[in-house]
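Here is the structure we will look at.
The values are calculated or read from the model by the stated rules, or taken from the named source; none is laboratory data. Keep in mind it's a predicted model, so treat the numbers as computed, not measured. FYI the Cβ positions are ideal-geometry reconstructions off the backbone, even for glycines, and counts take in every protein chain you see. Each accessible area value is taken on the protein alone, full model and side chains, heavy atoms only, with ligands, DNA and RNA left out. Shrake-Rupley method; radii C 1.70, N 1.55, O 1.52, S 1.80 Å.
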Amino acid sequence: MTTAVEHTLLNVDFCGVKFINPFILASAPPTTTGEMIMRAFDEGWGGAIIKTLVPEGEVVRNVAPRLASLPYGKQRMAVLENVELTTDRGVKVWLKEIGQIKRRHPRRVVIGSIMAAGPAKKDWQELTRRVQDAGADMIECNLGCPHGMPERGMGSVCSQDAEITKHITQWVKDVARVPVIIKLTPNITDIKVTARAAQAGGADAISAINTVAGLAGVDLDTLVPLPSVKGLSTYGGLSGPGVKPIALRAVCEIFKSTNCLISGIGGIGTWRDAAEFILLGSTTVQVCTAVMHWGYRIIHDLCDGLSNYMEEHSFASIADMVGLAARKITMHESLSREYRLVSAIDRDLCIGCGLCHVACRDSAYQAIEWDPKRREPSVDEEACVGCGLCSHVCPVDGCVALKESKVPLKKKR
Amino acid sequence: MSGLTHSIERPVNERIRDWKEIRTAVPHNLASREAERCNFCLEAPCSKGCPSGVDVSAFIRRIRTGDLKSAIRIIKESNPFAGVCGRICPADQFCIGECRNRFATAPVDVASLQRYVADVELLKGYRPPRIERRKGAKKVACVGGGPAGLACAVFLARRGHNVTVFEERERPGGMLTYGIPSYRLSQEIVDAEIDQIRQLGVRVVTGRRITDLRKLKAQGFAAVFVGVGAWNSKWQNIEGTTLRGVWDAMDFLTAAKFGPKRPRVGETVAVVGAGNTAMDCAGAAQRLGAGRVIIIYRRGRAEMPAWESEVALTFKEGTEFMLLTAPKRILGKDRVEAVECVKMRLGPKDESGRPRPIPVPGSEFVLKVDTVIQALGQETDRELLAGLGLKTDRGGLVRVRKNGATGIPGVFAGGDVTNGGATAVEAIAAGKAAAEAIDQYLRRK
């Protein structure tokens, strides 16, 4: 089977580094070893970020289990929680492997991920030098891991503070000969503040989002939160399809408030997700949870789908797409008040479940009437405000839509 | 019948009044829900189960991610008859039979998903990717325009060869066109997929019977693929077979589909035999307005050669099955009026490995019928094959190696002519394997 992993449409320049396609393996379990990254490159991935390196002397010991997941309906792993720490393999091992990967895959991009404590200038600079000397094409500073590492003054505590974010960026930039990406946490009131701080520190790019702090659930028999490590648990980081809307907002905000290039992360599993991230401002995209679910092989459908989409829409390059949808985000105040929509139910498709009526009756404006004999809903256009709830609850695809209407709204509230 | 087919099957009373397909188009929501059920298994057993090697889990993943353009490309890469096989392939024996979900819930309905992709993309105006003709391309002839010959032509054309398909009948498609009724496979789909093959640069010449391979060689064809099928009906020579109203199954199906006049079957139709063609004849007879259609078969239920799914379909449409029964003679003056039958019992296994049917003395009875259709199976045209210089075995099948090589340099064969009559997808697979072998042969030359 031939696929589009090397399609020229997908070639992209990110901070002066050439990628054959915009798909990067995020710093995570899929990049646990150099051997794994080389297999991913064999399969067609454009780049990979190694699992985060910490200063020598930091002891990294992981727990079991370190994952919990939330299935939703038939969707397994709609949200994945992890409490895995940074790499538990030594710095020297990794430096050797970075060289091996580059020798075998000179056209693929290897990005060194590094992490140190907020005030540890020496550590940041030493890791930067060693990783770039080993042959990494770029460096990503992990300021976003929300579990475990913050207890040591590392990870998300760094990018929860604008000053620290800026200082770390400066320190790293001072010694870096390769482009520097700052990876931010979403677990903050306003990500624009830390994004601007990274920019002020001289960051070439920002990657967002790191995982969302969370707690997957509680075992109701043992009363232990998940994941249960011999009867105790801790907060973790969430990823997967469920965090995508949080990530999209973060990417769009960073795009609109800084000049940094963006590597989008958060729930990307299909080419459609990737296209959305690019249209909202990402130049490259990072994938983790979907690979944990399906394996490296999804790179083929990611590339096939994205290149087909680009051809259909006549985009000549990824750069042509970046941020096109972000322009259409405005203030709520600027949205039209004259645009009048009402619900329209397709009688032929309606199965008579009554969910639209219940939703409108109990959570909207009582604008959908119900004929119990015929089991038929009908829209009172004078009462319908066009909120759209009915179209979201309807179990039949395409049965309820919103249409423009000239019928004036008669308030009966 | 698995999965989706149940949801899209038209009600019997409606469908036996017309010749439109039994199943309606697969709706988008059902297709995407079914695609969600695919586990994207390691080393996709479904793909290994497909004779033509379609990468099943890859195309289903493309449905799942909303990229039908890639889905059709993936299917067509291995099988030029995506829409055809999505309809008529006994997928329970192949991909669906291998689906690992069968151990959990129910297998994924791969056939319906393939049909969905092919239909949607056909409506959108699918065009096969252009191919470059190789410099110094050799001329190759495919004799017989059925699925084997056409598939062979496709895979040769993709390797840059200059291919001509010779079909003796008026239309290409072989059994797809002449042997399968339109309610199982719409002719529009067959024609559309053959058009796509033409768009690849394959020449399809119809109305031309090839009887001498040396002449082809003289015309500059460097290699030949023989896929002439098995079209001769086995005929039971009992008294009365010359009466009007006695049909050969193939002639009957062709007349039912293309006329010039559709057969007038009268009130009661007896179909002799219980293979897939017999089931097709019964379905066609139902649609021609017969009041009563009876399958007459000398062995029992377990021995019927038709696929389970076809038997179920035929039964559902109201055809009666008279098992352990054999016709003895056909009665009538000028037209068929009745058939005299005898009951059978099953004895020990015969050389075919099935229990031998033995007549029960004194059990004769007369059945009033207006039409008798003999559907006892097909065999190859030995005379034609001998003329072509091909060696056949005792059963009349052309002997070939796995890659279709006949032993005569540059001459390959595959499909029904080598296997005696199997599925379209196996004919396609044979054509594909032969194309590879022919390509290698031509490169060595």
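Annotations for the structure displayed:
- Within segment B:63-81, residues that are more than 10 Å from every other protein chain (Cβ to nearest Cβ) have Cβ atoms under 7 Å from residues that are modelled with pLDDT of 95 or more and part of a loop (DSSP other than H, G, I, E, B) in these pairs: B:ILE75/B:VAL54; B:ASN79/B:SER52; B:ASN79/B:VAL54, counting only partners at least 6 apart in sequence or on another chain.
- The criterion of at least 2 residues that are in contact (Cβ under 8 Å) with a residue 60 or more places away in the chain is met, among strands (runs of 3 or more DSSP E) falling completely within segment B:131-208, by B:139-143.
- The criterion of being under 21 Å from A:GLU140 (Cβ atoms), within 13 Å of another protein chain (Cβ to nearest Cβ) and assigned to a loop (DSSP other than H, G, I, E, B) holds for A:ILE268.
Rundown of residues vs (1) exposed (fewer than 14 other Cβ atoms within 10 Å of the Cβ); (2) closer than 17 Å to A:GLY398 by Cβ; (3) under 34 Å from the mean Cα position of the chain (by Cα), yes/no style:
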| residue | (1), (2), (3) |
| --- | --- |
| A:ARG347 | yes, yes, no |
| A:LEU355 | no, yes, yes |
| A:VAL358 | no, no, no |
| A:ALA367 | no, no, no |
| A:ASP371 | yes, no, no |
| A:GLY386 | no, no, yes |
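- Candidates in segment A:107-150 are the residues that are in contact with a helix residue (DSSP H, G or I) (Cβ under 9 Å, 6 or more places away or on another chain) and among the acidic types (Asp, Glu); of these, the one that is most open to solvent (accessible area, probe 1.4 Å) is A:ASP133.
- Wholly enclosed strands (runs of 3 or more DSSP E) of segment A:346-406 bearing at least 1 residues out of contact with any Ser or Thr (no Cβ under 9 Å at 6 or more places or on another chain) and over 20 Å from B:PRO27 (Cα atoms): A:376-379, A:400-404
- Residue list for segment A:37-64, restricted to those being open to solvent by 10 Å² or more (accessible area, probe 1.4 Å) and within 18 Å of A:ILE209 (Cα to Cα): A:LYS51
- Taking segment B:236-333 as the region of interest, the strands (runs of 3 or more DSSP E) fully inside it that hold 2 or more residues being over 25 Å from B:GLN93 (Cβ atoms), over 22 Å from the mean Cα position of the chain (by Cα) and at pLDDT 95 or above are B:268-272, B:292-296, B:320-322, B:325-331.
- Per this entry, B:PRO51 is counted among residues that are at pLDDT 95 or above and not β-branched (Val, Ile, Thr).
- Among the residues of segment A:167-174, none qualifies, meaning not one is touching an Asp or Glu at 6+ places or on another chain (Cβ under 9 Å), open to solvent by less than 40 Å² (accessible area, probe 1.4 Å) and either in the same structural domain as A:ARG129 (by TED's automatic domain parsing) or assigned to a helix (DSSP H, G or I) (or both).
- Check on B:VAL117, assigned to a helix (DSSP H, G or I) and open to solvent by less than 40 Å² (accessible area, probe 1.4 Å): yes
- In segment A:13-36, residue nearest to A:ILE262 (Cα to Cα) [restricted to those that are in a strand (DSSP E or B) and open to solvent by 10 Å² or more (accessible area, probe 1.4 Å)]: A:ASP13
- Against the test of being of a type outside the set (Lys, Arg), over 24 Å from B:GLU193 (Cα atoms) and facing chain A (nearest Cβ under 8 Å), the options B:ASN39, B:ASN29 yield a single qualifying residue, B:ASN29.
- Residue match in segment B:221-234 (condition: part of a helix (DSSP H, G or I) and surrounded by 22 or more Cβ atoms within 10 Å (Cβ to Cβ)): no
- Where helices (runs of 4 or more DSSP H) fall entirely within segment A:279-342, none has at least 3 residues that are open to solvent by less than 10 Å² (accessible area, probe 1.4 Å), farther than 22 Å from A:ASN11 by Cβ and more than 14 Å from every other protein chain (Cβ to nearest Cβ).
- Which numbered condition B:SER52 fails, given (1) of a type in the set (Gly, Ala, Ser); (2) under 21 Å from the mean Cα position of the chain (by Cα); (3) surrounded by fewer than 24 Cβ atoms within 10 Å (Cβ to Cβ); (4) within 14 Å of chain A (Cβ to nearest Cβ): (3)
- Scanning segment B:251-268 for residues that are open to solvent by less than 20 Å² (accessible area, probe 1.4 Å) and touching a Gly at 6+ places or on another chain (Cβ under 8 Å) returns B:LEU253, B:VAL265, B:THR268.
- Matching residues, segment B:348-362, being open to solvent by less than 40 Å² (accessible area, probe 1.4 Å) and outside any loop (DSSP other than H, G, I, E, B): B:PRO355, B:PRO357
- Checking B:GLY421, B:GLY414 one by one, the residue that is buried (at least 16 other Cβ atoms within 10 Å of the Cβ), modelled with pLDDT of 95 or more and not assigned by TED's automatic domain parsing to the domain that holds B:GLY245 is B:GLY414 and no other.
- Within segment A:12-51, the set of residues being of a type in the set (Ser, Thr, Tyr) and within 18 Å of A:LEU302 (Cβ to Cβ) comprises just one member, A:THR31.
- Residue list for segment B:55-87, restricted to those being among the acidic types (Asp, Glu) and buried (at least 24 other Cβ atoms within 10 Å of the Cβ): B:ASP67
- Cβ pairs under 8 Å, 6+ apart, first in segment B:10-35 and more than 30 Å from B:GLY291 (Cα to Cα), second open to solvent by 80 Å² or more (accessible area, probe 1.4 Å): B:HIS28/A:ASP397; B:ASN29/A:ASP397
- Any hit, segment B:242-250, residues being among the small types (Gly, Ala, Ser) and either under 30 Å from B:GLU340 (Cβ atoms) or open to solvent by 60 Å² or more (accessible area, probe 1.4 Å) (or both): yes
- One residue from A:ASP133, A:ASP137 being at pLDDT 95 or above and within 23 Å of the chain's Cα centre (by Cα): A:ASP137
- Just one of the listed residues (B:ARG335, B:ARG345, B:ARG298) is open to solvent by 50 Å² or more (accessible area, probe 1.4 Å) and either touching a residue at least 60 places away in the same chain (Cβ under 8 Å) or of a type in the set (A, V, I, L, M, F, W, C) (or both), namely B:ARG335.
- Scanning segment A:97-140 for residues that are assigned to a helix (DSSP H, G or I) and hydrophobic (A, V, I, L, M, F, W, C) gives A:ILE98, A:ILE101, A:TRP124, A:LEU127, A:VAL131, A:ALA134.
- In segment A:215-241, the residues that are of a type outside the set (Ser, Thr, Tyr) and buried (at least 21 other Cβ atoms within 10 Å of the Cβ): A:PRO227, A:GLY236, A:GLY237, A:LEU238, A:GLY240, A:PRO241
- Remark: B:ASP370 matches the filter, which requires a residue to be crowded, with 17+ Cβ neighbours inside 10 Å, of a type in the set (D, E, K, R), over 26 Å from the mean Cα position of the chain (by Cα) and assigned by TED's automatic domain parsing to the domain that holds B:ILE294.
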